[in-house]
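The structure appears right after this line, and notes come after that.
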Amino acid sequence: MLVAPSILSADFGTLNDEIIAICSAGCDLVHVDVMDGHFVPNLTIGPVVVNAVAKVATKPLDIHLMVENNTFFVDLFAPIKPKYISFHIEEEKHPHRLIQKIRDYGISPAIVLNPHTSPSSIEYLLEDLDMVLLMSVNPGFGGQKFIPSVLEKASKLKEMIEKKNANTLIEVDGGVNNKNILMLRDAGVDIVVAGNYVFGSHNYKVAIDSLKV
Ligand code: DX5
Ligand code: ZN
């Protein structure tokens, strides 16, 4: 299991130190939640802050867009050269075109599904995607309760990926902790995002290690 701490739960007063701490504690990716106050009822950070994060991070960035105008934000964040940019399928009329655009920037494209969205909505995009991110909370805030139906969804998605012989990874985001990590692994999940669980712990390395199942 790969672990991507969400910096939404970090102490933004000491953000540099927080990034250094999770990277040296052995995280695999740094998950960055970009919210625009329209697609979700919260507002987070833009390219100025994400640039500062990228400068100090020794692990690749995983940018999760929760915005209304995906194309605008892809153009805004692409120069930072994250490993992944993921966008919500619920907010995109031309997902195939946007996937190509992200790939043309040399970035791995990923699509996010909200808790109510079926994996069948992206069946014909799977081979073009490097990752699918399944929300296990309603997007907008850290520290929410895990929605267990994501487990069945992940298993279904895994079957679809295997049927197509695709290499698409499955990431789960929201309410992940040491209580649900084994179920996530058994459902075929490759990467977990964890905000509150990691940044709310006393020892980041112990918390990250407990998710590496
Ligand atoms: C929610 C964000 C998540 C969130 C995860 O909209 O996408 O990345 O920060 O935080 P926890 O692990 O606390 O649910
Ligand atoms: Zn996220």
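The values are calculated or read from the model by the stated rules, or taken from the named source; none is laboratory data. Note that the coordinates shown come from a computational prediction; the quantities given were computed from them, not determined experimentally. Neighbour counts are summed over all protein chains in view; Cβ atoms, including those assigned to glycine, are modelled from backbone coordinates with ideal geometry. Heads up: the accessible areas ignore ligands, DNA and RNA and are worked out on the full protein's heavy atoms, side chains in. Shrake-Rupley method; radii C 1.70, N 1.55, O 1.52, S 1.80 Å.
If you go through segment 129-152 one residue at a time, how many are more than 15 Å from ligand 2 (Cβ to nearest atom), without any contact (Cβ under 8 Å) to a residue 40 or more places away in the chain and closer than 16 Å to S86 by Cα?
Of the residues in that region, 1 qualify.
Within segment 54-80, how many residues are open to solvent by 40 Å² or more (accessible area, probe 1.4 Å) and among the acidic types (D, E)?
Qualifying residue count for the region: 2.
For segment 46-60, check the following and say yes or no: at least one residue is closer than 22 Å to K101 by Cβ and within 15 Å of ligand 1 (Cβ to nearest atom).
Yes, some residue in segment 46-60 is closer than 22 Å to K101 by Cβ and within 15 Å of ligand 1 (Cβ to nearest atom).
Looking at this structure, is H88 open to solvent by 20 Å² or more (accessible area, probe 1.4 Å) and modelled with pLDDT of 95 or more?
So H88 fails the test.
Mind listing just one residue for me: the one in segment 13-41 that is surrounded by 15 or more Cβ atoms within 10 Å (Cβ to Cβ) and touching a Lys or Arg at 6+ places or on another chain (Cβ under 7 Å) and, of those, nearest to F141 (Cα to Cα)?
It comes out as V30.
Could you pull out every one of the strands (runs of 3 or more DSSP E) wholly within segment 112-213 that has 3 or more residues that are open to solvent by 70 Å² or more (accessible area, probe 1.4 Å), at pLDDT below 95 and within 12 Å of ligand 1 (Cβ to nearest atom)?
In segment 112-213, no matching strands (runs of 3 or more DSSP E) lie anywhere.
State all residues of segment 74-114 that are touching a helix residue (DSSP H, G or I) at 6+ places or on another chain (Cβ under 8 Å) and on the phi > 0 side of the Ramachandran plot; if no residue qualifies, say none.
Result: K81, single match.
Filter segment 1-14 down to residues that are farther than 24 Å from M135 by Cβ and part of a strand (DSSP E or B), then give me how many there are.
Count: 0.
Quick check on segment 42-51. Is at least one of its residues in contact (Cβ under 8 Å) with a residue 40 or more places away in the chain, surrounded by fewer than 20 Cβ atoms within 10 Å (Cβ to Cβ) and assigned to a loop (DSSP other than H, G, I, E, B)?
Yes, there is a match, as at least one residue in segment 42-51 is in contact (Cβ under 8 Å) with a residue 40 or more places away in the chain, surrounded by fewer than 20 Cβ atoms within 10 Å (Cβ to Cβ) and assigned to a loop (DSSP other than H, G, I, E, B).
With out of contact with any strand residue (DSSP E or B) (no Cβ under 9 Å at 6 or more places or on another chain), over 20 Å from M131 (Cβ atoms) and not β-branched (V, I, T) as the only criterion, which of D36, D17 stands out?
Only one candidate qualifies: D17.
Please go through segment 86-111 and pick out each residue that is more than 23 Å from G175 (Cβ to Cβ), in contact with a Phe, Trp or Tyr (Cβ under 9 Å, 6 or more places away or on another chain) and outside any helix (DSSP H, G or I).
I107, S108, P109
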